[in-house]
Amino acid sequence: MAAKCLFKIAEKSSDAKGKLYVLQCSNCHFRITRRQPYFGRECKGVETTPNLLQQAANYIVSTAKHIAGGCKLREQEEINAIFEICRNCKFGNVGKQDRETAKSITCGKCGCGGNTTQSHLTNKLARKDEKCPLNPPKWGSGTDNP
């Protein structure tokens, strides 16, 4: 899902017809000159987290697969290693927490939450049958990582 560009006025000028604004997106750095200080455009530089309905659907599918697979869990060391991968990923959303000390994270691709606990009902990272939603995945089945 693409978000709208976040335009800021980079330059102001005028000509015989009036004011001119050079707008620049702070995400993808797209620039455009306009007579109005606004412009709507899908941003190519940022993706948004799935909406709440999609997050719920992802969670239900993931949980059903986890239960059907016997609720196998990862070791604590694996969970910690995966959490570090997610915390340092550009899609890892730590909210208002400091990235270096964050205790929980939300994936910007699938919307699932992750932390360092072994609570498999609320922590996707603890589920042995889960993998990173990126292609190729950064962790999980089919990778050299946990």
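The values are calculated or read from the model by the stated rules, or taken from the named source; none is laboratory data. This one's a predicted model, so the numbers in the text were calculated from it and none came from an experiment. Heads up, the Cβs are rebuilt from the backbone with ideal geometry, glycines too, and the neighbour counts pull from every protein chain shown.
For segment 79-98, does any single residue satisfy the condition of being over 23 Å from Asn51 (Cβ atoms), among the polar types (S, T, N, Q), in a helix (DSSP H, G or I) and out of contact with any strand residue (DSSP E or B) (no Cβ under 8 Å at 6 or more places or on another chain)?
Yes - at least one qualifying residue is present in segment 79-98.
Among the residues of segment 1-29 satisfying the criterion of being at pLDDT 85 or above and assigned to a loop (DSSP other than H, G, I, E, B), which is farthest from Val94 (Cα to Cα)?
Filtering segment 1-29 for residues that are at pLDDT 85 or above and assigned to a loop (DSSP other than H, G, I, E, B), the one farthest from Val94 (Cα to Cα) comes out as Ala16.
If only one of Asn58, Asn135 is part of a loop (DSSP other than H, G, I, E, B) and either of a type in the set (Val, Ile, Thr) or modelled with pLDDT of 85 or more (or both), which one is it?
Asn135
Only one of these is small (Gly, Ala, Ser), surrounded by fewer than 18 Cβ atoms within 10 Å (Cβ to Cβ), within 30 Å of Tyr21 (Cα to Cα) and in contact (Cβ under 8 Å) with a residue 12 or more places away in the chain: Gly40, Gly69. Name it.
After ruling out the rest, the residue left standing is Gly40.
For segment 1-36, enumerate the residues that are out of contact with any strand residue (DSSP E or B) (no Cβ under 9 Å at 6 or more places or on another chain) and of a type outside the set (D, E, K, R).
Listed by number, the residues that qualify are Ala16, Gly18.
Can you tell me which residues in segment 117-130 are in contact (Cβ under 8 Å) with a residue 40 or more places away in the chain and either β-branched (Val, Ile, Thr) or assigned to a loop (DSSP other than H, G, I, E, B) (or both)?
Gln118, His120, Leu121, Asn123, Lys128, Asp129, Glu130
Across segment 118-145, what is the total count of residues that are β-branched (Val, Ile, Thr) and touching a Ser or Thr at 6+ places or on another chain (Cβ under 9 Å)?
Matching residues across segment 118-145 total 0.
I want to confirm something. Restricting to segment 92-132 and keeping residues that are of a type in the set (Ser, Thr, Tyr) and closer than 19 Å to Lys65 by Cα, which single residue is modelled with the highest pLDDT?
If we take residues in segment 92-132 being of a type in the set (Ser, Thr, Tyr) and closer than 19 Å to Lys65 by Cα, then Ser119 is modelled with the highest pLDDT.
All but one of (1) of a type in the set (Lys, Arg); (2) assigned by TED's automatic domain parsing to the domain that holds Gly95; (3) out of contact with any helix residue (DSSP H, G or I) (no Cβ under 7 Å at 6 or more places or on another chain) hold for Lys19; which doesn't?
(2)
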